[in-house]
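Have a look at the structure below before the remarks.
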Amino acid sequence: MRTGLKRWWELGQVARASTRLRRGARPQEAEDARRELAERLLGLRGLPQKVGQVLTLAELGAETPGFGSLAEAPAPLAPEAALAEVSRRLGRPWSEVFRSLDGAGIAASLGQVHRGVLHDGRAVAVKLRHPGIADAVRADLRALGWLAAPLGGWRGKLDLSAYRRELAQMLQEELDYHHEARALTEAGARMADVPGVVVPVPVDALTREDLLVMSWVDGEPIAEARRWSEADRRELSTTLVRLFLQGLFTWGALHADPHPGNYRVIRGPEGRPTLGVLDFGCVKPLPPELPLGLGRLIALLRVPGTEADPRRLLSTWVTLGFTPELLEPMAEVLPAVSRVLLEPFLQDGPFHVARWNLGARLTEALGPHRWNFRAAGPASLLFVLRAFHGLMRHLDVLEAPIAWGALLDESRAPRLPPPPLPPEAHVEGTARYLRVRVTEGAHTRVALTFRADVTAHLEDLLPEDLRPRLAARGLDPVAIAATAVAAGLRPSELFHLDEGERHVRVWLE
(Lines give C-alpha, C1' and ligand atoms only; values in the text may rest on other atoms or scores of the structure.)
Protein backbone atom coordinates (compact mmCIF):
# COMPACT_ATOMS: atom_id res chain seq x y z
CA MET A 1 0.00 0.00 0.00
CA ARG A 2 1.49 3.32 -1.06
CA THR A 3 1.94 5.93 1.64
CA GLY A 4 3.67 9.27 2.10
CA LEU A 5 4.64 11.67 -0.66
CA LYS A 6 4.07 9.18 -3.46
CA ARG A 7 0.46 8.63 -2.39
CA TRP A 8 -0.10 12.38 -2.15
CA TRP A 9 1.26 12.74 -5.69
CA GLU A 10 -1.09 10.01 -6.90
CA LEU A 11 -4.05 11.73 -5.18
CA GLY A 12 -3.12 14.77 -7.25
CA GLN A 13 -3.29 12.62 -10.39
CA VAL A 14 -6.79 11.53 -9.34
CA ALA A 15 -7.82 15.20 -9.13
CA ARG A 16 -6.32 15.80 -12.58
CA ALA A 17 -8.22 12.86 -14.10
CA SER A 18 -11.43 14.06 -12.44
CA THR A 19 -10.96 17.50 -14.02
CA ARG A 20 -10.41 15.87 -17.43
CA LEU A 21 -13.65 13.92 -17.02
CA ARG A 22 -15.66 17.03 -16.18
CA ARG A 23 -14.21 18.95 -19.11
CA GLY A 24 -14.33 16.17 -21.70
CA ALA A 25 -16.13 17.71 -24.66
CA ARG A 26 -16.19 14.64 -26.93
CA PRO A 27 -17.52 11.19 -25.93
CA GLN A 28 -14.14 9.50 -26.53
CA GLU A 29 -12.34 12.08 -24.37
CA ALA A 30 -14.83 11.53 -21.55
CA GLU A 31 -14.51 7.74 -21.87
CA ASP A 32 -10.69 7.90 -21.75
CA ALA A 33 -10.83 10.18 -18.70
CA ARG A 34 -13.36 7.91 -16.97
CA ARG A 35 -11.16 4.88 -17.58
CA GLU A 36 -8.08 6.68 -16.25
CA LEU A 37 -9.95 7.91 -13.15
CA ALA A 38 -11.31 4.42 -12.40
CA GLU A 39 -7.84 2.88 -12.75
CA ARG A 40 -6.25 5.47 -10.46
CA LEU A 41 -8.97 5.16 -7.81
CA LEU A 42 -8.74 1.37 -7.92
CA GLY A 43 -4.95 1.44 -7.64
CA LEU A 44 -5.03 3.65 -4.55
CA ARG A 45 -7.66 1.62 -2.64
CA GLY A 46 -8.75 3.10 0.68
CA LEU A 47 -10.57 6.41 0.71
CA PRO A 48 -10.14 7.15 -3.04
CA GLN A 49 -11.81 3.85 -3.93
CA LYS A 50 -14.55 4.61 -1.38
CA VAL A 51 -15.25 7.81 -3.29
CA GLY A 52 -15.21 5.86 -6.54
CA GLN A 53 -17.72 3.35 -5.24
CA VAL A 54 -20.20 6.20 -4.84
CA LEU A 55 -19.76 6.79 -8.58
CA THR A 56 -20.84 3.21 -9.29
CA LEU A 57 -24.35 4.10 -8.08
CA ALA A 58 -24.79 6.45 -11.02
CA GLU A 59 -23.93 3.63 -13.43
CA LEU A 60 -25.96 0.86 -11.83
CA GLY A 61 -27.58 -1.15 -14.60
CA ALA A 62 -25.53 0.45 -17.39
CA GLU A 63 -24.39 -1.88 -20.17
CA THR A 64 -20.75 -0.75 -19.91
CA PRO A 65 -20.23 0.90 -16.51
CA GLY A 66 -16.99 2.86 -16.39
CA PHE A 67 -16.60 2.60 -12.62
CA GLY A 68 -17.93 -0.94 -12.19
CA SER A 69 -14.48 -2.30 -11.31
CA LEU A 70 -14.50 -0.17 -8.16
CA ALA A 71 -17.31 -2.25 -6.67
CA GLU A 72 -15.74 -5.63 -7.34
CA ALA A 73 -12.27 -6.20 -8.80
CA PRO A 74 -9.49 -8.79 -8.65
CA ALA A 75 -7.72 -8.78 -5.29
CA PRO A 76 -4.35 -6.98 -5.25
CA LEU A 77 -2.59 -9.80 -3.36
CA ALA A 78 -1.44 -12.78 -5.39
CA PRO A 79 -3.22 -16.01 -4.32
CA GLU A 80 -0.23 -17.47 -2.51
CA ALA A 81 0.42 -14.16 -0.71
CA ALA A 82 -3.23 -13.92 0.34
CA LEU A 83 -3.22 -17.45 1.77
CA ALA A 84 -0.01 -16.68 3.65
CA GLU A 85 -1.63 -13.55 5.12
CA VAL A 86 -4.66 -15.55 6.28
CA SER A 87 -2.36 -18.05 8.01
CA ARG A 88 -0.34 -15.27 9.65
CA ARG A 89 -3.43 -13.54 10.99
CA LEU A 90 -4.98 -16.79 12.23
CA GLY A 91 -1.72 -17.73 13.93
CA ARG A 92 -1.71 -21.19 12.32
CA PRO A 93 -1.77 -22.69 8.81
CA TRP A 94 -5.02 -21.90 7.02
CA SER A 95 -5.44 -25.59 6.13
CA GLU A 96 -6.00 -26.38 9.82
CA VAL A 97 -9.15 -24.23 9.73
CA PHE A 98 -10.44 -24.53 6.16
CA ARG A 99 -11.13 -27.59 4.04
CA SER A 100 -10.57 -25.29 1.05
CA LEU A 101 -9.80 -21.62 0.56
CA ASP A 102 -9.67 -19.81 -2.77
CA GLY A 103 -6.53 -17.67 -2.92
CA ALA A 104 -7.97 -15.51 -5.71
CA GLY A 105 -10.24 -12.99 -4.01
CA ILE A 106 -12.50 -10.08 -4.84
CA ALA A 107 -11.20 -6.70 -3.74
CA ALA A 108 -13.06 -3.81 -2.15
CA SER A 109 -11.71 -0.50 -0.90
CA LEU A 110 -10.29 -1.64 2.45
CA GLY A 111 -10.06 -5.40 2.06
CA GLN A 112 -10.52 -8.40 -0.18
CA VAL A 113 -12.90 -11.35 0.14
CA HIS A 114 -12.10 -15.03 -0.47
CA ARG A 115 -14.47 -17.99 -0.61
CA GLY A 116 -13.69 -20.88 1.70
CA VAL A 117 -15.19 -24.00 3.24
CA LEU A 118 -14.66 -24.89 6.89
CA HIS A 119 -13.90 -28.44 7.95
CA ASP A 120 -17.49 -28.74 9.21
CA GLY A 121 -18.73 -28.05 5.67
CA ARG A 122 -19.90 -24.44 6.12
CA ALA A 123 -19.25 -22.15 3.12
CA VAL A 124 -17.71 -18.90 4.37
CA ALA A 125 -16.47 -15.55 3.16
CA VAL A 126 -13.00 -14.65 4.43
CA LYS A 127 -12.45 -10.91 4.48
CA LEU A 128 -8.80 -9.89 4.60
CA ARG A 129 -7.86 -6.28 5.33
CA HIS A 130 -5.39 -4.93 2.77
CA PRO A 131 -1.86 -4.79 4.23
CA GLY A 132 -0.90 -1.18 4.96
CA ILE A 133 -4.41 0.16 4.33
CA ALA A 134 -4.70 1.73 7.81
CA ASP A 135 -1.66 3.93 7.16
CA ALA A 136 -2.97 4.81 3.71
CA VAL A 137 -6.34 5.90 5.12
CA ARG A 138 -4.62 8.14 7.65
CA ALA A 139 -2.55 9.68 4.83
CA ASP A 140 -5.69 10.23 2.76
CA LEU A 141 -7.44 11.97 5.65
CA ARG A 142 -4.45 14.27 6.08
CA ALA A 143 -4.59 15.01 2.38
CA LEU A 144 -8.23 15.97 2.84
CA GLY A 145 -7.36 18.67 5.33
CA TRP A 146 -8.97 21.16 2.96
CA LEU A 147 -12.31 19.95 4.28
CA ALA A 148 -11.60 21.95 7.42
CA ALA A 149 -11.71 25.15 5.35
CA PRO A 150 -14.50 24.68 2.80
CA LEU A 151 -15.74 27.01 0.09
CA GLY A 152 -12.26 28.37 -0.48
CA GLY A 153 -11.50 29.23 3.14
CA TRP A 154 -14.92 30.17 4.53
CA ARG A 155 -14.97 29.72 8.30
CA GLY A 156 -17.44 30.26 11.12
CA LYS A 157 -20.81 28.64 10.38
CA LEU A 158 -19.41 27.28 7.09
CA ASP A 159 -16.64 25.22 8.70
CA LEU A 160 -16.95 21.69 7.34
CA SER A 161 -14.31 20.11 9.56
CA ALA A 162 -17.18 18.15 11.15
CA TYR A 163 -17.60 16.33 7.83
CA ARG A 164 -13.95 15.32 7.92
CA ARG A 165 -14.32 14.04 11.49
CA GLU A 166 -17.49 12.12 10.54
CA LEU A 167 -15.71 10.48 7.62
CA ALA A 168 -12.61 9.70 9.69
CA GLN A 169 -14.61 8.07 12.47
CA MET A 170 -16.54 5.87 10.05
CA LEU A 171 -13.38 4.79 8.22
CA GLN A 172 -11.62 3.90 11.46
CA GLU A 173 -14.58 1.72 12.42
CA GLU A 174 -14.57 0.05 9.01
CA LEU A 175 -10.92 -0.90 9.50
CA ASP A 176 -11.78 -2.83 12.69
CA TYR A 177 -13.28 -6.20 11.75
CA HIS A 178 -14.23 -6.94 15.35
CA HIS A 179 -16.51 -3.92 15.03
CA GLU A 180 -18.00 -5.26 11.80
CA ALA A 181 -18.58 -8.71 13.36
CA ARG A 182 -20.58 -7.08 16.16
CA ALA A 183 -22.52 -5.04 13.58
CA LEU A 184 -23.31 -8.25 11.65
CA THR A 185 -24.63 -9.95 14.78
CA GLU A 186 -26.80 -6.95 15.65
CA ALA A 187 -28.09 -6.64 12.07
CA GLY A 188 -28.91 -10.32 11.95
CA ALA A 189 -31.00 -10.02 15.10
CA ARG A 190 -32.81 -6.92 13.82
CA MET A 191 -33.50 -8.30 10.37
CA ALA A 192 -34.52 -11.80 11.42
CA ASP A 193 -38.21 -10.92 11.09
CA VAL A 194 -37.86 -8.98 7.82
CA PRO A 195 -39.03 -11.24 4.98
CA GLY A 196 -36.77 -11.70 1.99
CA VAL A 197 -33.48 -10.63 3.62
CA VAL A 198 -30.28 -12.61 4.24
CA VAL A 199 -27.35 -11.31 6.33
CA PRO A 200 -24.00 -13.10 6.82
CA VAL A 201 -23.34 -14.67 10.23
CA PRO A 202 -19.85 -14.00 11.66
CA VAL A 203 -17.63 -16.80 12.93
CA ASP A 204 -16.37 -15.01 16.01
CA ALA A 205 -13.72 -17.59 16.96
CA LEU A 206 -11.89 -16.95 13.66
CA THR A 207 -12.30 -13.18 13.51
CA ARG A 208 -9.41 -10.80 14.16
CA GLU A 209 -9.05 -7.02 13.91
CA ASP A 210 -7.82 -7.48 10.32
CA LEU A 211 -9.56 -10.75 9.41
CA LEU A 212 -13.30 -11.48 9.32
CA VAL A 213 -14.84 -14.91 8.68
CA MET A 214 -18.59 -15.06 8.03
CA SER A 215 -21.13 -17.24 6.27
CA TRP A 216 -21.15 -17.07 2.48
CA VAL A 217 -24.17 -15.42 0.83
CA ASP A 218 -24.89 -16.61 -2.70
CA GLY A 219 -26.53 -14.50 -5.35
CA GLU A 220 -26.12 -12.20 -8.33
CA PRO A 221 -25.46 -8.44 -8.52
CA ILE A 222 -28.59 -6.42 -7.84
CA ALA A 223 -28.63 -5.05 -11.40
CA GLU A 224 -29.47 -8.59 -12.63
CA ALA A 225 -32.90 -8.22 -11.03
CA ARG A 226 -33.85 -5.89 -13.89
CA ARG A 227 -34.54 -9.05 -15.89
CA TRP A 228 -37.07 -10.32 -13.32
CA SER A 229 -40.84 -10.00 -13.57
CA GLU A 230 -42.49 -6.77 -12.46
CA ALA A 231 -44.04 -8.51 -9.45
CA ASP A 232 -40.64 -9.80 -8.30
CA ARG A 233 -39.00 -6.41 -8.86
CA ARG A 234 -41.78 -4.78 -6.86
CA GLU A 235 -41.22 -7.21 -4.00
CA LEU A 236 -37.48 -6.48 -4.07
CA SER A 237 -38.17 -2.72 -4.10
CA THR A 238 -40.46 -3.19 -1.09
CA THR A 239 -37.67 -4.97 0.77
CA LEU A 240 -35.18 -2.18 0.04
CA VAL A 241 -37.57 0.55 1.21
CA ARG A 242 -38.60 -1.46 4.27
CA LEU A 243 -34.97 -1.91 5.33
CA PHE A 244 -34.27 1.81 4.94
CA LEU A 245 -37.35 2.93 6.87
CA GLN A 246 -36.89 0.33 9.61
CA GLY A 247 -33.28 1.40 10.00
CA LEU A 248 -34.27 5.05 10.11
CA PHE A 249 -37.27 4.91 12.45
CA THR A 250 -37.23 1.53 14.26
CA TRP A 251 -33.65 0.37 14.71
CA GLY A 252 -31.88 3.74 14.83
CA ALA A 253 -29.06 2.48 12.59
CA LEU A 254 -28.60 2.52 8.81
CA HIS A 255 -26.56 0.34 6.49
CA ALA A 256 -24.71 3.29 4.95
CA ASP A 257 -22.57 1.64 2.25
CA PRO A 258 -25.10 1.06 -0.52
CA HIS A 259 -22.77 0.56 -3.49
CA PRO A 260 -23.77 -2.34 -5.77
CA GLY A 261 -21.03 -4.69 -4.56
CA ASN A 262 -22.69 -4.91 -1.15
CA TYR A 263 -25.95 -6.49 -2.35
CA ARG A 264 -26.88 -9.87 -3.79
CA VAL A 265 -30.20 -11.04 -5.20
CA ILE A 266 -31.36 -14.64 -5.36
CA ARG A 267 -34.52 -16.72 -5.51
CA GLY A 268 -35.23 -17.78 -1.96
CA PRO A 269 -37.63 -20.41 -0.62
CA GLU A 270 -40.51 -21.08 -3.02
CA GLY A 271 -38.80 -18.91 -5.62
CA ARG A 272 -39.43 -15.62 -3.77
CA PRO A 273 -36.98 -12.76 -4.37
CA THR A 274 -34.36 -12.55 -1.62
CA LEU A 275 -31.92 -9.72 -0.93
CA GLY A 276 -28.50 -10.46 0.52
CA VAL A 277 -27.07 -7.48 2.39
CA LEU A 278 -23.29 -7.65 2.76
CA ASP A 279 -20.50 -5.64 4.38
CA PHE A 280 -21.64 -4.10 7.65
CA GLY A 281 -18.45 -2.16 8.31
CA CYS A 282 -20.27 1.10 7.57
CA VAL A 283 -23.34 1.18 9.82
CA LYS A 284 -24.43 4.66 10.91
CA PRO A 285 -25.98 4.89 14.39
CA LEU A 286 -28.57 7.67 14.38
CA PRO A 287 -28.93 10.31 17.09
CA PRO A 288 -32.50 10.26 18.50
CA GLU A 289 -33.26 13.75 17.21
CA LEU A 290 -32.77 12.67 13.60
CA PRO A 291 -35.64 10.15 13.23
CA LEU A 292 -37.75 12.32 15.52
CA GLY A 293 -37.16 15.41 13.42
CA LEU A 294 -37.69 13.62 10.12
CA GLY A 295 -40.89 12.00 11.40
CA ARG A 296 -42.17 15.40 12.49
CA LEU A 297 -41.38 16.92 9.09
CA ILE A 298 -43.36 14.17 7.37
CA ALA A 299 -46.26 14.61 9.80
CA LEU A 300 -46.37 18.38 9.19
CA LEU A 301 -46.36 17.93 5.43
CA ARG A 302 -48.96 15.11 5.33
CA VAL A 303 -51.76 17.20 6.86
CA PRO A 304 -54.36 17.24 4.05
CA GLY A 305 -55.71 20.50 2.68
CA THR A 306 -53.27 22.79 4.51
CA GLU A 307 -49.92 24.37 3.76
CA ALA A 308 -47.31 23.62 6.40
CA ASP A 309 -46.39 26.53 8.65
CA PRO A 310 -42.90 27.77 7.62
CA ARG A 311 -42.01 28.52 11.25
CA ARG A 312 -42.88 24.99 12.38
CA LEU A 313 -40.88 23.55 9.47
CA LEU A 314 -37.97 25.79 10.37
CA SER A 315 -38.10 24.59 13.97
CA THR A 316 -38.08 20.99 12.81
CA TRP A 317 -35.17 21.41 10.39
CA VAL A 318 -33.23 22.97 13.26
CA THR A 319 -33.90 19.87 15.42
CA LEU A 320 -32.26 17.90 12.60
CA GLY A 321 -29.10 19.94 13.16
CA PHE A 322 -29.47 22.62 10.51
CA THR A 323 -27.94 25.99 11.42
CA PRO A 324 -30.76 28.43 12.30
CA GLU A 325 -28.77 31.53 11.34
CA LEU A 326 -28.56 30.23 7.78
CA LEU A 327 -32.01 28.65 7.61
CA GLU A 328 -34.16 31.45 9.03
CA PRO A 329 -33.62 33.83 6.07
CA MET A 330 -35.12 31.19 3.75
CA ALA A 331 -38.07 30.19 5.94
CA GLU A 332 -40.63 31.22 3.33
CA VAL A 333 -39.37 28.63 0.81
CA LEU A 334 -39.10 25.75 3.31
CA PRO A 335 -42.60 24.35 2.57
CA ALA A 336 -41.79 23.96 -1.13
CA VAL A 337 -38.27 22.71 -0.47
CA SER A 338 -39.48 20.19 2.11
CA ARG A 339 -42.18 18.81 -0.18
CA VAL A 340 -39.69 18.24 -3.00
CA LEU A 341 -37.08 16.59 -0.79
CA LEU A 342 -39.53 14.37 1.08
CA GLU A 343 -41.85 13.52 -1.80
CA PRO A 344 -41.18 9.75 -1.55
CA PHE A 345 -42.52 9.83 2.04
CA LEU A 346 -45.56 11.96 1.16
CA GLN A 347 -46.99 10.52 -2.03
CA ASP A 348 -50.15 8.45 -1.58
CA GLY A 349 -49.62 6.21 -4.60
CA PRO A 350 -46.52 4.45 -5.93
CA PHE A 351 -43.46 6.70 -6.04
CA HIS A 352 -41.66 6.88 -9.40
CA VAL A 353 -38.01 7.80 -8.93
CA ALA A 354 -37.62 8.52 -12.63
CA ARG A 355 -40.29 11.25 -12.42
CA TRP A 356 -38.88 12.91 -9.30
CA ASN A 357 -36.50 15.26 -11.16
CA LEU A 358 -35.04 16.22 -7.79
CA GLY A 359 -32.13 18.40 -8.91
CA ALA A 360 -34.06 20.79 -11.13
CA ARG A 361 -37.07 21.03 -8.82
CA LEU A 362 -34.95 21.61 -5.72
CA THR A 363 -32.96 24.32 -7.49
CA GLU A 364 -36.20 26.01 -8.50
CA ALA A 365 -37.67 25.76 -4.98
CA LEU A 366 -34.53 27.13 -3.33
CA GLY A 367 -33.99 29.97 -5.78
CA PRO A 368 -31.30 32.30 -4.42
CA HIS A 369 -31.16 30.35 -1.13
CA ARG A 370 -29.37 27.26 -2.49
CA TRP A 371 -26.08 28.28 -0.86
CA ASN A 372 -27.78 28.76 2.49
CA PHE A 373 -29.41 25.33 2.43
CA ARG A 374 -26.19 23.54 1.45
CA ALA A 375 -24.15 25.31 4.11
CA ALA A 376 -26.77 24.87 6.87
CA GLY A 377 -26.84 21.06 6.84
CA PRO A 378 -25.11 19.08 9.62
CA ALA A 379 -22.33 16.55 9.14
CA SER A 380 -24.48 13.96 10.96
CA LEU A 381 -26.58 13.62 7.80
CA LEU A 382 -23.62 12.68 5.57
CA PHE A 383 -24.07 8.92 5.75
CA VAL A 384 -27.87 9.13 5.99
CA LEU A 385 -27.90 10.94 2.63
CA ARG A 386 -25.48 8.38 1.26
CA ALA A 387 -27.86 5.56 2.24
CA PHE A 388 -30.84 7.45 0.82
CA HIS A 389 -29.06 8.15 -2.46
CA GLY A 390 -28.19 4.48 -2.80
CA LEU A 391 -31.78 3.45 -2.14
CA MET A 392 -33.09 5.85 -4.78
CA ARG A 393 -30.60 4.61 -7.36
CA HIS A 394 -31.48 0.95 -6.76
CA LEU A 395 -35.21 1.72 -6.98
CA ASP A 396 -34.66 3.61 -10.21
CA VAL A 397 -32.89 0.63 -11.76
CA LEU A 398 -35.56 -1.87 -10.64
CA GLU A 399 -38.30 0.25 -12.27
CA ALA A 400 -41.04 -1.13 -10.03
CA PRO A 401 -42.58 1.83 -8.12
CA ILE A 402 -44.21 1.15 -4.77
CA ALA A 403 -46.14 3.26 -2.26
CA TRP A 404 -44.18 4.08 0.89
CA GLY A 405 -47.13 4.93 3.16
CA ALA A 406 -47.84 1.49 4.64
CA LEU A 407 -44.12 0.81 5.12
CA LEU A 408 -43.73 4.18 6.83
CA ASP A 409 -46.54 3.34 9.24
CA GLU A 410 -45.02 -0.10 9.80
CA SER A 411 -41.71 1.49 10.81
CA ARG A 412 -43.48 3.62 13.46
CA ALA A 413 -42.19 6.98 12.27
CA PRO A 414 -42.79 9.70 14.92
CA ARG A 415 -45.73 11.98 14.15
CA LEU A 416 -45.71 14.56 16.95
CA PRO A 417 -45.31 18.05 15.44
CA PRO A 418 -42.91 20.43 17.18
CA PRO A 419 -43.89 23.68 18.88
CA PRO A 420 -43.46 26.74 16.67
CA LEU A 421 -40.47 29.00 17.15
CA PRO A 422 -41.20 32.18 19.13
CA PRO A 423 -42.12 35.16 16.93
CA GLU A 424 -39.08 36.91 15.52
CA ALA A 425 -38.60 40.33 17.07
CA HIS A 426 -37.89 43.03 14.52
CA VAL A 427 -37.30 46.73 15.04
CA GLU A 428 -38.64 48.99 12.31
CA GLY A 429 -35.86 50.50 10.21
CA THR A 430 -33.27 47.83 10.98
CA ALA A 431 -31.99 45.28 8.51
CA ARG A 432 -33.27 41.71 8.65
CA TYR A 433 -30.40 40.05 6.81
CA LEU A 434 -26.65 40.13 6.31
CA ARG A 435 -25.79 39.14 2.75
CA VAL A 436 -22.44 37.93 1.40
CA ARG A 437 -21.82 37.44 -2.31
CA VAL A 438 -18.69 36.47 -4.25
CA THR A 439 -18.76 36.53 -8.04
CA GLU A 440 -16.16 35.77 -10.70
CA GLY A 441 -17.06 37.11 -14.10
CA ALA A 442 -20.63 36.05 -14.73
CA HIS A 443 -20.56 33.24 -12.15
CA THR A 444 -21.72 33.43 -8.53
CA ARG A 445 -19.26 31.50 -6.38
CA VAL A 446 -20.83 32.18 -2.97
CA ALA A 447 -24.21 33.71 -2.11
CA LEU A 448 -25.21 33.46 1.53
CA THR A 449 -27.81 35.09 3.73
CA PHE A 450 -27.56 35.30 7.53
CA ARG A 451 -29.68 36.89 10.20
CA ALA A 452 -28.64 40.51 10.60
CA ASP A 453 -27.46 39.95 14.18
CA VAL A 454 -24.68 37.69 12.85
CA THR A 455 -22.98 40.90 11.67
CA ALA A 456 -21.32 41.11 15.10
CA HIS A 457 -19.24 38.06 14.05
CA LEU A 458 -18.45 39.34 10.55
CA GLU A 459 -14.74 38.55 10.76
CA ASP A 460 -15.45 34.85 11.33
CA LEU A 461 -17.57 34.69 8.16
CA LEU A 462 -14.86 35.92 5.80
CA PRO A 463 -12.34 33.76 3.92
CA GLU A 464 -8.96 33.82 5.60
CA ASP A 465 -7.24 34.91 2.40
CA LEU A 466 -9.54 37.94 2.17
CA ARG A 467 -8.48 39.61 5.43
CA PRO A 468 -4.98 40.74 4.33
CA ARG A 469 -6.40 42.12 1.09
CA LEU A 470 -8.98 44.09 3.04
CA ALA A 471 -6.27 45.35 5.39
CA ALA A 472 -4.21 46.51 2.40
CA ARG A 473 -7.15 48.74 1.48
CA GLY A 474 -7.61 50.04 4.99
CA LEU A 475 -10.71 47.93 5.68
CA ASP A 476 -11.04 46.34 9.13
CA PRO A 477 -13.91 43.80 9.41
CA VAL A 478 -13.99 44.07 13.21
CA ALA A 479 -14.36 47.84 13.08
CA ILE A 480 -16.89 47.63 10.23
CA ALA A 481 -19.01 45.19 12.24
CA ALA A 482 -18.79 47.29 15.42
CA THR A 483 -19.88 50.39 13.54
CA ALA A 484 -22.83 48.60 11.95
CA VAL A 485 -23.98 47.19 15.30
CA ALA A 486 -23.62 50.58 17.01
CA ALA A 487 -25.72 52.16 14.26
CA GLY A 488 -28.55 49.70 14.91
CA LEU A 489 -27.88 47.38 11.95
CA ARG A 490 -29.38 49.79 9.43
CA PRO A 491 -29.65 48.61 5.80
CA SER A 492 -26.37 49.58 4.13
CA GLU A 493 -23.36 48.25 2.25
CA LEU A 494 -20.65 47.20 4.69
CA PHE A 495 -17.89 46.88 2.11
CA HIS A 496 -17.04 45.68 -1.37
CA LEU A 497 -13.79 44.48 -2.92
CA ASP A 498 -13.12 44.35 -6.65
CA GLU A 499 -10.09 42.41 -7.91
CA GLY A 500 -10.19 41.86 -11.63
CA GLU A 501 -13.06 39.49 -12.36
CA ARG A 502 -13.55 38.65 -8.67
CA HIS A 503 -16.01 40.81 -6.73
CA VAL A 504 -16.85 40.50 -3.03
CA ARG A 505 -19.83 42.39 -1.64
CA VAL A 506 -21.17 42.35 1.93
CA TRP A 507 -24.27 44.33 2.91
CA LEU A 508 -27.24 44.62 5.26
CA GLU A 509 -30.81 44.70 3.97
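The values are calculated or read from the model by the stated rules, or taken from the named source; none is laboratory data. Because the structure is a prediction, the values reported are computed rather than measured. Note: ideal-geometry Cβ built from the backbone for every residue, glycine included; neighbour counts use all protein chains shown. What goes into the accessible areas is simple: the full protein's heavy atoms, side chains included, and nothing from ligands, DNA or RNA. Shrake-Rupley method; radii C 1.70, N 1.55, O 1.52, S 1.80 Å.
Tell me the net charge near LEU508. Cut-off is 14 Å between Cβ atoms, LEU508 excluded, with +1 for each Lys or Arg and -1 for each Asp or Glu. Please list the in-between numbers first.
On the way: positive: ARG432, ARG435, ARG437, ARG451, ARG490, ARG505; negative: ASP453, GLU493, GLU509.
For residues surrounding LEU508, the net value is +3.
What relative contact order, as a whole-number percentage, does the stretch 186-309 give when Cα pairs under 8 Å and 6 or more residues apart are counted?
25
Pull up all non-local amide H partners of THR207: gap of 5 or more, or a different chain, and H-to-H distance under 5 Å with H placed in the peptide plane.
VAL213
Using the Karplus curve 6.51 cos²θ - 1.76 cosθ + 1.60 with θ = phi - 60°, what ³J(HN,Hα) values do you get for each residue of the stretch 472-488, in whole Hz, with x for Gly and Pro?
Along the stretch 472-488, the couplings run 5, 9, x, 9, 10, x, 5, 5, 4, 5, 4, 5, 5, 5, 4, 7, x Hz.
Taking amide H positions as placed 1.01 Å from N in the peptide plane, with prolines and chain starts having none, which residues 5 or more places from VAL446, or on another chain, fall under 5 Å of its amide H?
Here VAL438 satisfy the definition.
Please give me the summed charge of the neighbours of TRP404: other residues whose Cβ is under 11 Å from its Cβ, Lys and Arg +1, Asp and Glu -1.
So the environment of TRP404 carries a net charge of -3.
Considering amide H positions built from the backbone, and no H for Pro or chain starts, which residues 5 or more places from ARG451, or on another chain, come under 5 Å of its amide H?
LEU434
Quick check: pseudo-label points 7 Å beyond the Cα along Cα→Cβ at VAL194 and ALA78, how many nm apart are they?
Label at VAL194, label at ALA78, 4.2 nm between them.
Just the Cα atoms of the stretch 176-218, one point each, no solvent: what log10 I(q)/I(0) does Debye give at q = 0.23 Å⁻¹?
Per q value, in the given order, log10 I(q)/I(0) is -0.74.
Which one, ALA331, SER380, LEU314, projects farthest toward the positive side of the charge dipole computed for the stretch 308-381 from Cβ point charges (K/R +1, D/E -1)?
Result: SER380.
Could you calculate the contour length gain from THR185 to GLN169, that is, 0.36 nm times the residue separation minus the distance between their Cα atoms, to one decimal place in nm?
3.7 nm
Find the accessible area per residue for the stretch 162-257; the probe is 1.4 Å, ligands and nucleic acids are left out, and the unit is Å².
With the other protein chains kept in place, the stretch 162-257 gives 42 Å² per residue.
With charges set only on the Cβ (+1 for Lys and Arg, -1 for Asp and Glu), what does the dipole of the stretch 166-263 come to about its Cα centre, in debye to the nearest 20?
Here the stretch 166-263 has a charge dipole of around 420 debye.
Starting with the highest mean, order 79-86, 116-123, 362-369 by the number of other Cβ atoms within 10 Å, averaged over the residues of each peptide.
Order by mean packing, descending: 79-86, 362-369, 116-123.
Rounded to the nearest 0.05, what FRET efficiency do GLU501 and LEU342 give with R0 = 35 Å and r taken as the Cβ-Cβ distance? Could you check?
Given R0 = 35 Å and the Cβ-Cβ separation, E is 0.35.
I need the semi-axes of the equivalent ellipsoid of the stretch 169-285: take the C-alpha gyration tensor, multiply each eigenvalue by 5, square-root it, list largest first in whole angstrom.
25, 16, 13
Assigning unit charges at the beta carbon (Lys, Arg +1; Asp, Glu -1) and nothing else, what dipole magnitude in debye, to the nearest 20, does the stretch 209-342 show about its Cα centre?
500
Using the beta-carbon distance between ALA472 and SER492 and R0 = 22 Å, what value does 1/(1 + (r/R0)^6) give for FRET efficiency, to the nearest 0.05? Write down the numbers at each step before the final one.
Details: r = 23 Å, r/R0 = 1.04.
Given R0 = 22 Å and the Cβ-Cβ separation, E is 0.45.
With +1 on each Lys and Arg Cβ and -1 on each Asp and Glu Cβ, and nothing else charged, work out how big the dipole of the stretch 310-391 is about its Cα centre, in Debye to the nearest 20.
Its charge dipole is roughly 140 debye.
If you plug each phi of the stretch 394-404 into the Karplus form 6.51 cos²θ - 1.76 cosθ + 1.60 with θ = phi - 60°, what whole-Hz ³J(HN,Hα) values come out, in order, with x for Gly and Pro?
Once θ is set to phi - 60°, the couplings for the stretch 394-404 become 5, 5, 4, 5, 6, 6, 9, x, 10, 7, 8 Hz.
For the stretch 192-203, in order, what is each residue's ³J(HN,Hα) by Karplus, 6.51 cos²θ - 1.76 cosθ + 1.60 with θ = phi - 60°, in whole Hz (x at glycine and Pro)?
Karplus-based 3J(HN,Hα) across the stretch 192-203 equals 4, 9, 8, x, x, 10, 10, 10, x, 10, x, 9 Hz.
How big is the stretch 302-408 in terms of Cα radius of gyration and Dmax, in angstroms?
Cα only, the stretch 302-408: 14.4, 41 Å (Rg, Dmax).
Give me the distance in nm between label points sitting 7 Å out from Cα along the Cα-to-Cβ direction at GLU270 and GLU459, one decimal.
Placing both labels 7 Å beyond Cα along the Cβ direction yields 7.2 nm.
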